[in-house]
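Shown below is the structure under consideration.
Please treat every number below as a calculation from the coordinates, not as lab data. All values derive from a computational prediction rather than experimental measurement. Positions of Cβ are generated from backbone atoms using ideal geometry, with glycine treated the same way; all protein chains shown enter the neighbour counts.
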Amino acid sequence: MAILAKGHDKSHDDKRRDTVIKTVILLILAFIIFVLATIAWFTMNKSTSAAGMSVKASSDLFEIATIGDNGVRNDEQITLLAPEYKYGTAKTIDGDEYYTSEGTGGSLKLRYTANDSEIAPGGNGKLSLYVIPKIDSGFDVTVSLNVIAYAEIDIYDENGDPVYKLDDNDQYILDENGNKVVDTELVEIISAEDFTAKATAVHNQQAVADVDEYVSAASFLRGHIVFFGGEGDTESASESARYYFTTPYRTRTFDQTISAGNKGKAVQVPIYWMWTNTLGQLALPDNVSGKRSGYPVLADNDPDKSEIITYLTDNRADIFANNGSSTAGDITAVSTHVDSATNFDNTAFNRLSAGYNEADRLIGTRIAYFLIEVTVNSAD
């Protein structure tokens, strides 16, 4: 199933941003001793890197698993770009049916749940990732998270004319208006040089000219997808007490303890994701300023809010399109509690919001697919 993230006009922090991502696939590469891969939803990740790795998962400690129905969103795109990923081997554990990496050569398509039918600012959900220990002793795994972006660019011939899609009978494929559909190439955005070479290969000079925007959009996408280790409370009787998550993964790397006595059992590794709709939900310590729209990502009294502020500061070049000499100071200003709205730094907030929203606009106009990559290593 393709996920269509429709755009919404947004000029300030209290409106939805103009962001369009057509399809998202989540690729999860779980490394054990060598490589153990899994996939789920989100755009499209690097087919070359995934396909180029040795997926010889061979571990004496664990295998990975997922749970859910047999359908995997965007399965057609996943199969096209990364055919090595499999559905996995069905296995009943404690009365539930899981799909494990056993017998897949180390590959597995991972399920996920989403709390929003659109993958767009505000979208969030949970990954269905489990570790099945092969031993009774406890051990730790290290999980690393990454986001990889793809562009979809038109193909032209050597004369600069569009190349049109053909069906199996070599007939032109037409859109709903009867127009011929231009063929496209999915390009993983790795660097300006690599993207330029790939766009040049399909004679797309406009994409070559816009290379900096494509590369920036990929970086902004990585910065705007944030991961967490716990679920919050969005159903509290008091709306002011509602929040989305706990335990932010500031460095996108964390250790998970697999307790002893779980041999052959499915131990969940909790990973939640969110493409935060507005900057205020992330950065503001409370809503004294009146500038926050939507529930905060973390509870107002959560000491881990400092982790989010550090994340914003450390990754400001990948979060704000207008990142500059004032950005770090602006983040400190808006994230510091004030006693009244009159003491709030509106100038800093508006500047940051403009940069955050512009970054989302670039994502929506330049990124066609993206893929979330998760690696799981034995930490012992």
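Run the numbers for SER137 and THR313: contour at 0.36 nm per residue of separation, minus the present Cα-Cα distance, in nm.
On the way: separation 176, 0.36 × 176 = 63.36 nm, distance 3.95 nm.
Fully extending the segment from SER137 to THR313 adds 59.4 nm.
Still on this structure, I have one more. At 7 Å along the Cα-to-beta-carbon direction for both THR113 and GLN268, put a label point, then send me their distance in nm to one decimal.
0.7 nm
Would you work out the charge dipole size for the stretch 228-281 about its Cα centre, treating the Cβ of every Lys and Arg as +1 and the Cβ of every Asp and Glu as -1, and quote it to the nearest 20 debye?
Dipole magnitude for the stretch 228-281 comes out near 320 debye.
Can I ask one more? With a cut-off of 8 Å between alpha carbons and a minimum separation of six or more residues, what is the relative contact order of the stretch 146-303 in percent?
Relative contact order for the stretch 146-303 comes out at 19 percent.
In this model, which of LYS91/LYS263; LYS91/LYS265; LYS91/LYS134; LYS86/LYS198 are farther than 18 Å apart at the alpha-carbon?
LYS86/LYS198
How much length would be gained if the chain were fully extended between THR184 and THR200, taking 0.36 nm per residue of separation minus their Cα-Cα distance, in nm to one decimal?
Separation in residues times 0.36 nm, less the Cα-Cα distance, equals 4.4 nm.
Separate question: Under a point-charge model restricted to the Cβ atoms of Lys and Arg (+1) and Asp and Glu (-1), what is the dipole moment magnitude of the stretch 239-343 relative to its Cα centre, in debye to the nearest 20? Intermediate values should be presented prior to the final figure.
On the way: 9 positive and 11 negative charges, 84 e Å.
Using only the charged Cβ atoms, the result is roughly 400 debye.
Only Lys, Arg, Asp and Glu count, each charged at its Cβ (+1, +1, -1, -1), so figure out the dipole size of the stretch 126-261 about its Cα centre, rounded to 20 debye.
920 debye
At what distance in angstrom do the alpha carbon centres of the stretch 282-354 and the stretch 222-264 lie from each other?
20 Å
Rounded, prolate or oblate, given the Cα gyration tensor of the stretch 283-356, with a/c below 1.5 counting as rounded?
oblate
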